[in-house]
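**Q** Have a look at this one before I ask anything.
FYI, it's all coordinate maths here, none of it is from the lab. Values in this document were obtained by computation on a predicted structure and should not be read as measured data. Counting neighbours? That spans all protein chains shown, and the Cβs are built from the backbone with ideal geometry, glycine included.
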Ligand code: ADP
Ligand code: MG
């Protein structure tokens, strides 16, 4: 342990300040950009008046230094007068052994004074038109407003539709066209992280606030912001104003409702606002990570009301959808990305669209920065940290076990010589998933399945791919298994 690390241990404020700086950066640059470039920054130590921050690769280090170096320095200086310089270096996680995690400090504006100010801000959103934004566009600095601004890229036009999200998309479109239609109120969108819930909500809001005939007032905010607004209102004894403000909108959208689990008072307030608005014929749109009935911890009566309108879920992406999304985003960014690279990314980064987009953004930035075409080789290099994280810890054994359970066959049948369809098909599915989810080669996979030949694995992969194209139910089944294994 070096002295610099000790200083941090003795200086708990440093980690709090760092958490605050990162939080602020995230708000400034937006979620996608933050995840692409800044999330992996680690605080390595303080030496005199110089603070050291590390990033896992040279490319990231260069990028962050050139784009955010000044900003980081200003932010540090504002937080801590003793700091004058910020050194950004390449370093792994093990060069940063400090206890920095675990202290999640909410952005300062949410815990400190400006309560009065925020309350006077209208809930209704600005009505500026969406503009095409490139990777480099900065979102204008966000003040302490509690009604979140809309992301200009999150429009219906920018949303790529495929099997896993077509229903949710159609419902969102419908609500944007005719809010408060019977059967569509509330609209409840749910699905895992990064699958497009926020995107669709913003798209509805853009559409409604921009339309020329009968423009309507829309309030969009996360459940978290809803809670902070509510608490601030209680503190400053202006709950009436808060209620009136909320109840004056035509469309209320609350994102990530699961945040209200365990926050009983806020839930209660939301429930009343909800009922009031619905009774007045106003539209409600809500998103969450689970369906209303699975949101354990939300009051029963609220869950019931939430499930009364239209409930639409966003499924995990399929390979085909990931390819389409990558194609669309690459075209938008104006960078030619070879099909091989798109296929590689769609195979490797299966968790969610946000990660996929982050990887592509980084490739595009790299290509622009060095004026070099995107190649598979460059992809490996530029994304090596992301790819490593996605070389999941899923093992072939886990895949075999899960698939056997799912189809109700014995685990030993994964390596047995039995060729009955009831056994052979699940075995093929397991081989297919092993190819998709691990970095094992075909011969290695073959060996794990009772010493089968690599051509058998190859055959299994193409057979399953073909069946998935032909048979929707089968495809869903396989995607479900993939989702289970990845979670
Ligand atoms: P969620 O709210 O479900 O966690 P987001 O709506 O924030 O996810 O989506 C994460 C990122 O992925 C956003 O940048 C969004 O634009 C993008 N994204 C998700 N689904 C799609 C899609 N079908 N087409 C285009 N972009 C998408
Ligand atoms: Mg979201």
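**Q** Cα gyration tensor of the stretch 276-390, axes a ≥ b ≥ c as square roots of the eigenvalues: rounded (a/c below 1.5), prolate (a/b > b/c) or oblate?
**A** Taking the square roots of the gyration eigenvalues as a ≥ b ≥ c, the stretch 276-390 is prolate.
**Q** Can you put 379, 52 in order of Cβ neighbours within 10 angstrom, beginning with the fewest?
**A** Least to most surrounded, the residues fall as 52, 379.
**Q** Run the numbers on the stretch 253-353 and let me know its relative contact order in percent, using alpha-carbon pairs under 8 Å that are six or more apart.
**A** About 25 percent, as a whole number.
**Q** Expressed as a rounded percentage, what relative contact order does the chain have, with Cα pairs under 8 Å and six or more residues apart?
**A** 12 percent
**Q** Out of all DSSP beta bridges with both ends in the chain, state the antiparallel percent to the nearest 5.
**A** 15 percent
**Q** Okay, moving on. If we count other beta carbons within 10 Å of each Cβ, what is the order of 42, 36, fewest first?
**A** 42, 36
**Q** Just how far, in whole angstrom, is the stretch 328-354 from the stretch 425-487 if you go by their alpha carbon centroids?
**A** About 22 Å separates the Cα centre of the stretch 425-487 from the one of the stretch 328-354.
**Q** Is the C-alpha gyration tensor of the chain telling us rounded, prolate or oblate? Criteria: a/c under 1.5 is rounded; beyond that, a/b larger than b/c is prolate, otherwise oblate.
**A** Values: a/c = 1.79, a/b = 1.19, b/c = 1.51.
Judged from the Cα gyration tensor, the chain comes out oblate (a/c at least 1.5, b/c at or above a/b).
**Q** Then there's this: Order these by the 10 Å Cβ neighbour count, fewest first: 257, 187, 342. Working shown, then result.
**A** Numbers: 257 24, 187 28, 342 21.
Going from sparsest to densest Cβ surroundings: 342, 257, 187.
**Q** Is the stretch 416-472 rounded, prolate or oblate when judged by the Cα gyration tensor, a ≥ b ≥ c being the square roots of its eigenvalues, rounded requiring a/c under 1.5 and prolate requiring a/b larger than b/c? All intermediate terms of the calculation are to be shown ahead of the outcome.
**A** Details: a/c = 2.06, a/b = 1.20, b/c = 1.72.
Oblate shape, in that a/c is at least 1.5 and b/c is the bigger or equal ratio.
**Q** If one computes the Cα centroid of the stretch 35-84 and of the stretch 234-253, what distance in Å separates the two points?
**A** 39 Å
**Q** Taking the alpha-carbon centroid of each part, what is the distance from the stretch 174-208 to the stretch 363-395 in angstrom?
**A** Measuring centre to centre over Cα atoms gives 33 Å.
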